[in-house]
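The values are calculated or read from the model by the stated rules, or taken from the named source; none is laboratory data. Only a predicted model underlies this, so the values are computations on that prediction, with no experimental measurement involved. Reconstructed Cβ throughout: ideal geometry from the backbone, glycine too, with neighbour counts over all protein chains shown.
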Amino acid sequence: MAENNVSVMDRVREAGRAVITGVDEKDIAHWVEISIMGKAYKVPADLTIMQAIEYAGYRLVRSCGCRAGFCGACATVYRKKGEYKLKSAMACQTRVEDGMYLVQIPFSPAEKPLPDIRKDPYESSVLLRYFPEIARCVSCNTCTKSCPQDLQVMDYVQAALKGDFKAVAEGSFECIQCGLCALRCPAEIVQYHMAQFARRMYGKHGSPKEKNAEKRIGELKRGKFDKEFERVMALSLNELKTIYTEQQKAREVY
Amino acid sequence: MIKKIAITSENVDFLEKISKLSDQVITKCDQCGTCSGSCPMVGEMDITPAQLMRMVLLGQEEVMDSKAMWICASCFACTVRCPRGLDVSRVAEALRQITLRQAVDHIDLNDIPDCEMKRLPQIALVSAGRKFTG
Amino acid sequence: MSPAKNDPRQKSKDSPETSPFSPGLKIPYFPGCTLKTTAKNFETSALAVAELLGIELVELPRWNCCGTVTSLTSDDLIHHVAPVRNLVRVEEMNDNGAVDEETRLVALCTMCFNVLKRSNLRVLEKPEELEKINNFMYLEKDYQGKVQVVHFLELLRDLGFAKVKEKVQKTLRGLKVAPYYGCLLLRPKEIGIDDPEDPTILSELLEALGAEPINNPFKTRCCGSYQTVRDRHAVAELTYDILGRARKEGAELVITSCPLCMFNLADRQKEVVEKHPGFEPMPVLYFTQLMALAFGLEENACGFDQNYVDARPLLKGKALIK
């Protein structure tokens, strides 16, 4: 719907331009040609894939999240002109390159069974019970090749078959659950859900207990901090604001 | 029981397809029945290994409806004993793969009851996955 | 009958004079998933007896599941990637000095042995397929085709059962054992380590340990393998036949070399008893467990507590354990 004779798409385009606010297009020296879902665009070379998509006028309602390489929403699959290799990247963390043919994959359909942390036994059979398809792994390494985080996915799937929860947990620690591995797997394994399951089991049964946390919980239960809690809860809103502001001033500015 | 069949080019195509996939010269089979005699699973099968070979030889696609290929345990007893040097287990595999490659699995791994999943060793699931799922 | 040079009972290419065994032999070893989980006692007992025999089984780094049972179609390459990837690891172990010019890969699990050896032979026979697989696994070093896959029993045969006998501390006198070979140790012929119709290697081992080998006509009959997943009662019938005949021939114990045979012969006795209530449970052990017992090793090296049918009452009765 048009407001003040400016269309929605104009406003979107302007919002995309904000990425290079203060820079005149005439002053941009380096441009690249990319293709977004089959349509060609010329974009400034310094942009990330996500910025380039927005520069081209798209408003992202999916495939967009934290913009900081952490949430796994902006999984992008691409090929480069003249190459057959299929590559993957996180759109918010990767610069565009000339000849990129790209598409975004916002979602990977996969069921996520939840372990019963208290009841399920801490052994390899539990992983196979919830994810029997891991027995179908052919060690083709496609999952590893698909991972935008450069994780050794095949290795942690193999560790699951060996019942090594620790290796699964450590190997999958930096997984951002983008789902690309599961989409490309010929054995239809859902690597990232299996890994999360394993991490939860490992956290409960395998990893060393955090002694300081246990100590603190004990102190809390014994009421060591009760007085302090009561004091803070009794403060007025203005008193809280004063304390907070003073605290912030005392901190270093990052 | 006598069954009259006419061999058409479709039958020949089926025979050639299975021959190529199994890399066996199936026409060498002389129906001696040694494979059937050696098979440990023959008691469970609806048709014997020799009958399976016969149906493939005549290009009868109805062999795909039989259960025998799924009951095969890939033990290679037939393979080592066939006097014509045919690898019957590979013919069974070729027939299984025709179905599996159409994304039609023979078992659903999720159907295995929990009590079984707690007992079964990995090796059973890996090998069953290989032979019964595509 | 096959000519002498193809006779699987012939020793490996090294003759006894140029023994393949130097003291402290380090040899690449492929465990397989099951030996790390439900068949841990197979691995534990094997590593212990190997050490006593002067063999160090060095586990393959970064190994992956072998993907048993081997893919039998002519056009399928993807299912050979997993075994070949493991063979690359053996060559890597040689390159980085983890082993010294040792390109044999020893497997304990018979199914792993079979699939690794079959894939190895296939890519050696078809160099264009090896090239495709190497290209596909472009993140790995190319497989050069140098590896020879052997079963642990072949290592023992090459060492000589006389050497095995030397290590026996406790002769298994009076123990009547029926060897069970199953299928994949012996078939197909180019993979098998012994005659598929009349194998003797396990009997030779038993004699070296002082036990009495009992011949079971069903010793090479398939246990049902992966059919245990789809139809456990059919497998139970096979078990009933195999073990029943062994018992009839006078055996008190059965030995095997495969975790799936173990499961089908031992764990499935539960289903056998359901259908045949009079069935007398038959203890089944891995051959390495008996070796560990004969070598005088501690009970935790023998791993008897992990066997489905407890062999200890029988062994106690024979004064072989306390």
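How about the stretch C:205-233: which of its residues are farther than 17 Å from C:Glu249 by Cβ, buried (at least 20 other Cβ atoms within 10 Å of the Cβ) and away from chain B (no Cβ under 12 Å)?
Scanning the stretch C:205-233 gives C:Leu205, C:Ala208, C:Leu209.
Residues in the stretch A:106-129: is at least one aromatic (Phe, Trp, Tyr) and more than 20 Å from A:Tyr202 (Cβ to Cβ)?
Yes - at least one qualifying residue is present in the stretch A:106-129.
Restrict the check to the stretch B:47-64 and report whether at least one residue is in contact (Cβ under 8 Å) with a residue 60 or more places away in the chain and either more than 9 Å from chain C (Cβ to nearest Cβ) or closer than 26 Å to C:Leu77 by Cα (or both).
Within the stretch B:47-64 (the criterion being in contact (Cβ under 8 Å) with a residue 60 or more places away in the chain and either more than 9 Å from chain C (Cβ to nearest Cβ) or closer than 26 Å to C:Leu77 by Cα (or both)), the answer is no, since none of the residues qualifies.
Please verify whether C:Arg62 is farther than 30 Å from C:Ala311 by Cα, buried (at least 23 other Cβ atoms within 10 Å of the Cβ), out of contact with any strand residue (DSSP E or B) (no Cβ under 7 Å at 6 or more places or on another chain) and more than 14 Å from chain B (Cβ to nearest Cβ), treating the condition exactly as stated. Talk me through it step by step, then tell me what you get.
Working: farther than 30 Å from C:Ala311 by Cα: yes; buried (at least 23 other Cβ atoms within 10 Å of the Cβ): no; out of contact with any strand residue (DSSP E or B) (no Cβ under 7 Å at 6 or more places or on another chain): yes; more than 14 Å from chain B (Cβ to nearest Cβ): yes.
No, not satisfied.
From the list C:Gln148, C:Gln144, which one is farther than 16 Å from A:Val138 by Cβ, under 24 Å from the mean Cα position of the chain (by Cα), more than 12 Å from chain B (Cβ to nearest Cβ) and not hydroxyl-bearing (Ser, Thr, Tyr)?
Answer to the check: C:Gln148.
Restricting to the stretch B:113-134, and then to whatever is more than 7 Å from chain A (Cβ to nearest Cβ) and assigned to a loop (DSSP other than H, G, I, E, B), can you tell me which residue is farthest from A:Val157 (Cα to Cα)? Outline the logic, then answer.
Pass one, the stretch B:113-134, residues more than 7 Å from chain A (Cβ to nearest Cβ): B:113, B:115-116, B:119-121, B:123-124, B:127-128, B:130-132, B:134.
Cutting the leftovers down to assigned to a loop (DSSP other than H, G, I, E, B) gives us B:113, B:120-121, B:134.
Details: B:Pro113: 23, B:Leu120: 19, B:Pro121: 17, B:Gly134: 19 Å.
My answer is B:Pro113.
When the residues of the stretch A:122-138 are narrowed to those that are assigned to a helix (DSSP H, G or I) and more than 7 Å from every other protein chain (Cβ to nearest Cβ), which ends up farthest from the chain's Cα centre (by Cα)?
If we take residues in the stretch A:122-138 being assigned to a helix (DSSP H, G or I) and more than 7 Å from every other protein chain (Cβ to nearest Cβ), then A:Val126 is farthest from the chain's Cα centre (by Cα).
State the number of residues belonging to the stretch C:152-168 that are assigned to a loop (DSSP other than H, G, I, E, B) and in contact with a helix residue (DSSP H, G or I) (Cβ under 7 Å, 6 or more places away or on another chain).
Number satisfying all stated conditions: 2.
Kindly indicate whether any position in the stretch C:119-138 is touching a residue at least 60 places away in the same chain (Cβ under 8 Å) and hydrophobic (A, V, I, L, M, F, W, C).
Yes, because at least one residue in the stretch C:119-138 is touching a residue at least 60 places away in the same chain (Cβ under 8 Å) and hydrophobic (A, V, I, L, M, F, W, C).
Being among the acidic types (Asp, Glu) and within 12 Å of another protein chain (Cβ to nearest Cβ) is the filter here, so list the residues in the stretch C:33-59 that pass it.
Passing the criteria: C:Glu43, C:Glu59.
Mind telling me which of the residues C:Lys117, C:Lys176, C:Lys165, C:Lys126 ends up being surrounded by fewer than 22 Cβ atoms within 10 Å (Cβ to Cβ) and either closer than 22 Å to C:Asp76 by Cα or among the aliphatic types (A, V, I, L, M) (or both)?
Numbers: C:Lys117 fails: surrounded by fewer than 22 Cβ atoms within 10 Å (Cβ to Cβ); C:Lys176 fails: either closer than 22 Å to C:Asp76 by Cα or among the aliphatic types (A, V, I, L, M) (or both); C:Lys165 fails: either closer than 22 Å to C:Asp76 by Cα or among the aliphatic types (A, V, I, L, M) (or both).
Just one listed residue meets the conditions, C:Lys126.
Restricting attention to the stretch B:90-101, does a residue exist that is surrounded by 17 or more Cβ atoms within 10 Å (Cβ to Cβ), acidic (Asp, Glu) and either within 24 Å of C:Cys65 (Cα to Cα) or more than 8 Å from chain C (Cβ to nearest Cβ) (or both)?
yes
Just to be sure I understand, how many residues within the stretch C:83-115 are within 13 Å of chain A (Cβ to nearest Cβ) and more than 26 Å from C:Gly182 (Cβ to Cβ)?
The total comes to 2.
With respect to B:Gly43, is the statement that it is surrounded by fewer than 16 Cβ atoms within 10 Å (Cβ to Cβ), farther than 14 Å from B:Ala128 by Cβ, within 12 Å of chain C (Cβ to nearest Cβ) and touching a residue at least 40 places away in the same chain (Cβ under 8 Å) true? Write out each step before concluding.
On the way: surrounded by fewer than 16 Cβ atoms within 10 Å (Cβ to Cβ): yes; farther than 14 Å from B:Ala128 by Cβ: yes; within 12 Å of chain C (Cβ to nearest Cβ): yes; touching a residue at least 40 places away in the same chain (Cβ under 8 Å): no.
Spelling it out, it is not the case that B:Gly43 is surrounded by fewer than 16 Cβ atoms within 10 Å (Cβ to Cβ), farther than 14 Å from B:Ala128 by Cβ, within 12 Å of chain C (Cβ to nearest Cβ) and touching a residue at least 40 places away in the same chain (Cβ under 8 Å).
Could you list, in sequence order, the residues of the stretch A:148-184 that are within 17 Å of A:Cys74 (Cβ to Cβ) and within 13 Å of chain C (Cβ to nearest Cβ)?
A:Asp150, the sole residue that qualifies.
Would you mind telling me which numbered condition in (1) at the interface with another protein chain (Cβ under 10 Å from one of its Cβ atoms); (2) assigned to a helix (DSSP H, G or I) C:Gly192 fails?
So the condition that C:Gly192 fails would be (2).
Would you call B:Ser74 in a helix (DSSP H, G or I), at the interface with chain C (Cβ under 10 Å from one of its Cβ atoms) and either surrounded by fewer than 22 Cβ atoms within 10 Å (Cβ to Cβ) or among the hydroxyl-bearing types (Ser, Thr, Tyr) (or both)?
no
Among the residues of the stretch C:268-281, is there at least one that is at pLDDT 95 or above and within 20 Å of C:Val49 (Cβ to Cβ)?
no
Out of A:Tyr244, A:Tyr202, I need the residue that is in a helix (DSSP H, G or I) and under 30 Å from C:Thr34 (Cβ atoms). Which one?
On the way: A:Tyr244 fails: under 30 Å from C:Thr34 (Cβ atoms).
Checking each option against the conditions leaves just A:Tyr202.
Determine the pairs where a residue that is touching a residue at least 40 places away in the same chain (Cβ under 8 Å), located within the stretch A:101-112, has a partner that is part of a strand (DSSP E or B) and charged (D, E, K, R) with Cβ atoms under 9 Å apart, the partner being 6 or more residues away or on another chain.
Going by the 9 Å Cβ cut-off, the qualifying pairs are A:Tyr101/A:Arg79; A:Tyr101/A:Lys80; A:Leu102/A:Arg79.
Within the stretch A:139-171, take every residue that is assigned to a loop (DSSP other than H, G, I, E, B) and polar (S, T, N, Q) and give me the one that is surrounded by the most Cβ atoms within 10 Å (Cβ to Cβ).
A:Ser139
Pick from A:Arg184, A:Arg222: which is basic (Lys, Arg), surrounded by fewer than 21 Cβ atoms within 10 Å (Cβ to Cβ) and within 23 Å of the chain's Cα centre (by Cα)?
Among A:Arg184, A:Arg222, only A:Arg184 is basic (Lys, Arg), surrounded by fewer than 21 Cβ atoms within 10 Å (Cβ to Cβ) and within 23 Å of the chain's Cα centre (by Cα).
Please find, among A:Glu14, A:Glu33, A:Glu54, the residue that is assigned to a helix (DSSP H, G or I), assigned by TED's automatic domain parsing to the domain that holds A:Asp98 and at pLDDT 85 or above.
The conditions single out A:Glu54.
Yes/no per residue for (1) of a type outside the set (Gly, Ala, Ser); (2) at pLDDT 95 or above:
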residue	(1), (2)
C:Gly67	no, no
C:Asp76	yes, no
C:Val81	yes, yes
C:Val84	yes, yes
C:Ala98	no, no
C:Ser119	no, yes
